[in-house]
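Structure record follows, encoded as structure tokens.
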Amino acid sequence: MNIIKATVSDLDDVAVLFNNYRIFYEQSSDLEGAKAFLKERMEQNESTIFLAKSKDGLPAGFVQLYPIFSSVGMKRKWLLNDLFVAEEYRRHGVGKALMNQAKEFAVETNTAGILLETSKDNVNAQALYESAGYEKEDTVYFYNLSL
């Protein structure tokens, strides 16, 4: 397996994975919308995407990080917003490799850390995050304002 920092030239591969990720979260399939969304994030340098490819060069998974900032710590943090592994590559270490790449990137960019969220019933993801050293926050509440 090979993990690369995705660029616009990898858009088709990442978009297929991203579309399947959205379908996993019960959204309608929209491959063209996925391409447009990701292309804009890439061109505007609004996110960093790492793409895992199989030994055969097929897209196996991706992780997308968005920059945020800690005012108290006066440093950047990364929001690990999206992590997806294609079904046929699950249980082969792809998710863990992508998590390790995100951590390495956070260290390289001298950040204060990585934040992520997952649903309470996504126990597989929770196990992955905890095995990668992430700790569940129980001292803060997370709020959401939908518009």
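The values are calculated or read from the model by the stated rules, or taken from the named source; none is laboratory data. Worth saying up front: this structure is predicted, and the values here are computed from it rather than measured. Cβ: placed from backbone, ideal geometry, glycine included. Neighbour counts: every protein chain shown. Calculation scope for accessible area: heavy atoms of the full protein, side chains included, ligands and nucleic acids excluded. Shrake-Rupley method; radii C 1.70, N 1.55, O 1.52, S 1.80 Å.
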- Message: Looking only at residues that are open to solvent by less than 100 Å² (accessible area, probe 1.4 Å) and polar (S, T, N, Q) in region 108-139, which one is nearest to Thr48 (Cα to Cα)?
- Response: Thr109
- Item | Residue among Phe142, Phe105, Phe62 that alone is in contact (Cβ under 8 Å) with a residue 12 or more places away in the chain, open to solvent by 80 Å² or more (accessible area, probe 1.4 Å) and out of contact with any Gly (no Cβ under 8 Å at 6 or more places or on another chain) | Phe142
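Yes/no per residue for (1) β-branched (Val, Ile, Thr); (2) modelled with pLDDT of 95 or more; (3) loosely packed, with under 15 Cβ neighbours inside 10 Å:
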position	(1), (2), (3)
Leu11	no, yes, no
Tyr21	no, yes, no
Ser28	no, yes, yes
Asp56	no, no, yes
Val72	yes, no, yes
Arg91	no, no, yes
- Specify the residue that is nearest to the chain's Cα centre (by Cα); the eligible residues are those in region 35-73 that are polar (S, T, N, Q) and part of a strand (DSSP E or B). Gln64
- Task: Would you be able to say whether some residue in region 74-83 is exposed (fewer than 10 other Cβ atoms within 10 Å of the Cβ), out of contact with any Lys or Arg (no Cβ under 8 Å at 6 or more places or on another chain) and assigned to a loop (DSSP other than H, G, I, E, B)?
- Result: yes
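I'd like to check something: does region 84-93 contain any residue that is of a type outside the set (D, E, K, R) and over 24 Å from Asn19 (Cα atoms)?
Kept after step one, since they are of a type outside the set (D, E, K, R), are these residues of region 84-93: 84-86, 89, 92-93.
Restricting the remaining residues to those that are over 24 Å from Asn19 (Cα atoms) gives none.
No; the residues of region 84-93 include none that is of a type outside the set (D, E, K, R) and over 24 Å from Asn19 (Cα atoms).
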- Residue satisfying all of: in region 36-54; of a type in the set (Lys, Arg) and within 22 Å of Val94 (Cβ to Cβ); most open to solvent (accessible area, probe 1.4 Å) among these: Lys53
